[in-house]
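The values are calculated or read from the model by the stated rules, or taken from the named source; none is laboratory data. As the structure is a computational prediction, the values presented were derived from the model and not from experiment. Cβ placement follows ideal geometry from the backbone for every residue including glycine, while neighbour counts extend to all protein chains displayed.
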Amino acid sequence: MVQLRSEQSFDADRQSTKQQLQVLKTKIEDHREWTQQLSDENIDRRDQLQVAIAEAEGEAQDDLAIAIREVDEQDRILEEDFVSSTVLHAEVHAKLAEQTIGNVMMGDGSITTVGLPKSVVGKMNQRIGNVTAESNSRGAVGVYPDNFKF
């Protein structure tokens, strides 16, 4: 049994997914800002601890050195989190990118490129329809290789 979904149902699902991805993208952006803010605060804290360690003596100096190592470890974790969030942000952004191409008519003997080269686009959702080529026509429609030549 084959079940075909209507284009309207497909469009509604696609729009819902797009809205969910946009919400996710915004949350990731907020998280990245928060992570950067924490990292900036850690830098200030580390600076304060370094000033304090220069003025301290004995056991107090040892305690401050331990605190500095803890701040450094927190900063390392924040950096990893920021990098992971940046990668995730790029992937969500790519899922939101879309291109619709339609009603392309290549006349007799024409040469046409419609779309974008791969290096510019990366990953992208595409909807391509109604492409017509008459005799001796050549064309590339959609994402095409950077070095594409006819």
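Scan segment 115-134 for residues that are touching a Gly at 6+ places or on another chain (Cβ under 7 Å) and not acidic (D, E) and jot them down.
G115, Q126, I128, G129, N130, A133
In the set V92, V51, V83, only one residue is assigned to a helix (DSSP H, G or I) and more than 26 Å from the chain's Cα centre (by Cα); that residue is V51. May I ask you to verify whether D108 is charged (D, E, K, R) and outside any helix (DSSP H, G or I)? Judged against the criteria, D108 is a match. The lone criterion from (1) more than 30 Å from K25 (Cβ to Cβ); (2) touching a Gly at 6+ places or on another chain (Cβ under 8 Å); (3) buried (at least 16 other Cβ atoms within 10 Å of the Cβ) left unmet by S137 is number (3).
Out of R45, R69, R14, one residue alone is free of Cβ contacts under 8 Å to residues at least 40 places away in the same chain, outside the structural domain of Q126 (by TED's automatic domain parsing), under 19 Å from N125 (Cβ atoms) and charged (D, E, K, R). It is R14. For segment 41-76, a residue qualifies if it is surrounded by 13 or more Cβ atoms within 10 Å (Cβ to Cβ) and within 30 Å of K25 (Cβ to Cβ), and the qualifying residues are E41, N42, Q74, D75.
Taking segment 128-150 as the range and being among the basic types (K, R) and out of contact with any strand residue (DSSP E or B) (no Cβ under 8 Å at 6 or more places or on another chain) as the test, only K149 passes.
What about E79, is it more than 30 Å from A140 (Cβ to Cβ), assigned by TED's automatic domain parsing to the domain that holds T26 and surrounded by 12 or more Cβ atoms within 10 Å (Cβ to Cβ)? Criteria met by E79.
Residue-by-condition table, conditions (1) under 29 Å from Q22 (Cα atoms); (2) touching a Lys or Arg at 6+ places or on another chain (Cβ under 9 Å); (3) of a type in the set (D, E, K, R):
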residue	(1), (2), (3)
Q37	yes, no, no
A54	no, no, no
V92	yes, yes, no
G102	yes, yes, no
I111	no, yes, no
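Note on segment 119-134: among residues that are β-branched (V, I, T) and surrounded by fewer than 12 Cβ atoms within 10 Å (Cβ to Cβ), the one that is modelled with the highest pLDDT is T132. Against the numbered list (1) modelled with pLDDT of 90 or more; (2) more than 18 Å from the chain's Cα centre (by Cα); (3) polar (S, T, N, Q), Q22 comes up short only at (2).
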